[in-house]
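Rule-based calculations on the coordinates, nothing more; no lab input. As the structure is a computational prediction, the values presented were derived from the model and not from experiment. Using ideal geometry, Cβ is built from the backbone for each residue, glycine included, and neighbour counts are taken over all protein chains shown.
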Amino acid sequence: MPDILTLHLPPPAKILDMTYGNGVFWRNVPHVFAREDEKIGRSVKGYKIWANDIDPTKGVFHHDFADLPSDWSKRFAAVVLDPPYLHVGGIKTLKASIDRGYNNKDRALRSGAGFRAVHRLYTRGFLEANRVLAPKGKLIFKCMDQIESGKQCWDHIVLKSMAEELGFYIEDMFVYVSASTPTMRHRVQKHARRNHSYWIVGVKR
């Protein structure tokens, strides 16, 4: 996140984290939190983060990221979107410690966990991001390619195209490589294991 912001959004700026979770993205970023009782637009040296998460134990605001307050329209210089993204196979091997940050299992029980369900989730996020972003605002979203039912799902390609169709110009992509070893569900390996995810940066047209 510091590398992305250094290139694409110098401080100060108002940023909405639509899916704040445990807040790991902001550990190395100078920021303060916007709170409901603060005056919007207060001057800060770093970034001002609207930490939103539907989980009432996380973040500051607790809205569904696809149904944000009406008065947030055209307010933010950037939004960050990292919704529950794992497909069925990934959820079956998901560690509880990781799931606490994403609630993938809970989302799968409510809305399904196939690639179509994941893509619908991102579509809802993209549409709401377009509404709350100021003109030329930045959409920063995270995703990961996966294997489902023995087939490759190139999520980063599909989601990039979806964002473009919904009104964003895609201007950059970052690849994050994890130091951990991916978990295997089966004894026989048929595809390269995915040990990286993508950060994609778009601009509201």
Give me, ordered by chain and number, the residues 5 or more places off Phe33 or on other chains with an amide H under 5 Å from its own placed amide H. Ile49
In sequence order, calculated HN-Hα J values of the stretch 121-129 (Karplus, 6.51, -1.76, 1.60; Hz; x Gly/Pro): 4, 5, 4, 4, x, 4, 4, 6, 4
Other-chain or far-sequence residues with amide H under 5 Å of His62's (modelled H): Asp53
What FRET efficiency comes out for His63 versus Lys136 if R0 is 25 angstrom and r is the Cβ-Cβ distance? Round to the nearest 0.05. 0.55
Residue-by-residue Karplus 3J(HN,Hα) for the stretch 11-27, coefficients 6.51, -1.76, 1.60, Hz, glycine and proline x: x, x, 7, 8, 10, 9, 8, 5, 9, 4, x, 8, x, 5, 5, 9, 5
In nanometres, the difference between 0.36 nm per residue of separation and the alpha-carbon distance of Asp71 and Asn28 is 12.5 nm
Amide H neighbours of Tyr176 under 5 Å, at least 5 residues apart or on other chains, H built in the peptide plane: list them. Ser197, Tyr198, Trp199
Where Lys and Arg each count +1 and Asp and Glu each count -1, what net charge lies around Arg205 among other residues with Cβ under 13 Å from its Cβ? 0
Hey, what do the phi angles of the stretch 160-167 turn into as Karplus ³J(HN,Hα) couplings, whole Hz, using 6.51/-1.76/1.60 and θ = phi - 60°, x for Gly and Pro? 4, 5, 4, 4, 5, 5, 8, x
Work out the FRET efficiency for Arg194 and Ile170 from their Cβ-Cβ distance, taking R0 = 35 Å, and round it to the nearest 0.05. 0.95
If packing is taken as the average number of other Cβ atoms within 10 Å across a peptide's residues, how do 70-76, 141-147 rank, most packed first? 141-147, 70-76
